[in-house]
Amino acid sequence: MREELIVSGRMNRLIDPGLHIWHWHIPLYLFLGGLAAGILFFAALVTIQGKADKYPAAARLAPFATPILLSIGLLALLLDLNHKLYFWRLYTTIRLESPMSWGAWTLMVVTPLSIVWCALNIRDIFPGWDWKYPVLIRLEKFFKQNLLTISWILLVSSLILGVYTGILFSAFNARPLWNTSILGPLFLTSGLSTGAAAIVLLSRNTAERHYFTRIDLMLIGIEIFLIIHMFMGFLASTQVHIEAAQLFLGGPYTTVFWLFVFSLGLLLPAILEILELRGFSMPHWLAPVLVLFGGLMFRFIMAYAGQASRWLY
């Protein structure tokens, strides 16, 4: 057999156009955004219900992580941009049909509100805290007087943020794996689940841990239902959607998805949570860590598998 070596300069981005691939920045951003949305949703919810004192980790402690999570996520998103100095142009217009516009403006609401939320609860974390400046003391008083209004705004905006992380994918019709309306609710449910898991991980109150463990168990059940429904929809659809589903049903992403996401990230923590609620002695940190790990892996796998799915004629 005769072998030939062909050397060509055609793979030059200035000659032939190439497909820009989404790397680790986007799934990391989606995971951190969904996690922050889940934490802030539960913080706002328990405050509206008047249960902030009953569930202090949800209302006060866990939200302190959200400005950091959002900042890291936005930094990852910025690193992915080709024209980083022009990100501000997202805020010169509002396009209701654009997921990026929805995401940009939602983050513009959620990020400062997460900082305000931390400021309102900083005395509970650091009892000796003193704002010193009168203007900051007046702002704190104003926000506390309008805490219920802030909670409702945060509740709605965090839900929009959680859904947006999935719609960002589903808006790409050219990728069959992403071309499903299930992704919005699925990413929202996953974000709420990771948020509940983070609260369980940070709480030192047994009653609070069990309350959010039950919530997380319910969300895991919804996630499993949506994942199964997503694959059923693909398999009952066009050939390209069937091929997209086959990436997880015997294809290259089968092992990583069903092992790291479905088994270790959903089924196993659900079993551990059931055992804990039934009184078995379990490490309280194990199930939430697995849920967080599964949520992260889910976004990475969906990001890379989605780019591997394609339309061919």
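What to note about this one:
Residue-by-condition table, conditions (1) loosely packed, with under 13 Cβ neighbours inside 10 Å; (2) within 19 Å of I167 (Cβ to Cβ); (3) modelled with pLDDT under 95; (4) among the polar types (S, T, N, Q):
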site: R10; (1), (2), (3), (4): yes, no, yes, no
site: L14; (1), (2), (3), (4): yes, no, yes, no
site: I26; (1), (2), (3), (4): no, yes, yes, no
site: G38; (1), (2), (3), (4): no, yes, no, no
site: K51; (1), (2), (3), (4): no, no, yes, no
site: L78; (1), (2), (3), (4): yes, no, yes, no
site: W88; (1), (2), (3), (4): yes, no, yes, no
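- If the condition is being in contact with a helix residue (DSSP H, G or I) (Cβ under 9 Å, 6 or more places away or on another chain), charged (D, E, K, R) and farther than 16 Å from F31 by Cα, then the range 256-307 contributes E273, E276.
- The set of residues in the range 234-257 being within 23 Å of the chain's Cα centre (by Cα), of a type outside the set (F, W, Y) and assigned to a helix (DSSP H, G or I) consists of A244, A245, T254, T255, V256.
- Residue within the range 28-35 that is surrounded by fewer than 24 Cβ atoms within 10 Å (Cβ to Cβ), over 15 Å from G162 (Cα atoms) and either at pLDDT below 95 or of a type in the set (F, W, Y) (or both) present: no
- Flag if G184 is at pLDDT below 95, assigned to a helix (DSSP H, G or I), of a type in the set (G, A, S) and within 21 Å of the chain's Cα centre (by Cα): yes
- When each of R175, R204 is tested for being over 18 Å from the mean Cα position of the chain (by Cα) and under 18 Å from L286 (Cα atoms), the lone residue that passes is R204.
- Qualifying positions in the range 116-137 - surrounded by 12 or more Cβ atoms within 10 Å (Cβ to Cβ), within 33 Å of the chain's Cα centre (by Cα) and more than 19 Å from A58 (Cβ to Cβ): W131, L136
- Pairs are defined by a Cβ separation below 9 Å, a sequence spacing of at least 6 or placement on different chains, a first member in the range 283-301 that is over 15 Å from S193 (Cα atoms) and in contact (Cβ under 8 Å) with a residue 12 or more places away in the chain, and a second member that is among the hydrophobic types (A, V, I, L, M, F, W, C) and in a loop (DSSP other than H, G, I, E, B); the pairs so defined are F300/W24; I301/F248.
- Scanning the range 277-295 for residues that are of a type outside the set (S, T, Y) and surrounded by fewer than 22 Cβ atoms within 10 Å (Cβ to Cβ) gives L277, R278, G279, F280, M282, P283, H284, W285, L286, V289, L292, F293.
- Under the condition of being among the aromatic types (F, W, Y), assigned to a helix (DSSP H, G or I) and surrounded by fewer than 22 Cβ atoms within 10 Å (Cβ to Cβ), the residues counted in the range 296-313 number 2.
- Among the residues of the range 129-152, those that are in a loop (DSSP other than H, G, I, E, B) and over 12 Å from A119 (Cα atoms) comprise K132, Y133, N146.
- The range 88-112, subset assigned to a helix (DSSP H, G or I) and aliphatic (A, V, I, L, M), residue farthest from the chain's Cα centre (by Cα): L90
- Any chance M218 is without any contact (Cβ under 8 Å) to a residue 24 or more places away in the chain and either more than 24 Å from Y304 (Cβ to Cβ) or assigned to a loop (DSSP other than H, G, I, E, B) (or both): yes
- Condition check for V163: under 26 Å from F187 (Cα atoms) and touching a helix residue (DSSP H, G or I) at 6+ places or on another chain (Cβ under 7 Å): yes
- Residue within the range 135-143 that is within 30 Å of P269 (Cα to Cα) and either of a type in the set (S, T, Y) or out of contact with any Lys or Arg (no Cβ under 8 Å at 6 or more places or on another chain) (or both) present: no
- I222 vs. criteria of a type outside the set (S, T, N, Q) and within 18 Å of N179 (Cα to Cα): no
- Check on L235, hydrophobic (A, V, I, L, M, F, W, C) and either touching a residue at least 24 places away in the same chain (Cβ under 8 Å) or buried (at least 24 other Cβ atoms within 10 Å of the Cβ) (or both): no
- Taking the range 44-87 as the range and being in contact (Cβ under 8 Å) with a residue 60 or more places away in the chain, within 12 Å of L202 (Cβ to Cβ) and either in a helix (DSSP H, G or I) or touching a Cys at 6+ places or on another chain (Cβ under 8 Å) (or both) as the test, the residues that pass are P56, A57, A58, A59, R60, L61, A62, F64, A65.
The values are calculated or read from the model by the stated rules, or taken from the named source; none is laboratory data. This is a predicted model, so every value here is computed, not measured. With ideal geometry, Cβ positions are generated from the backbone for all residues, glycine too; neighbour counts draw on all protein chains shown.
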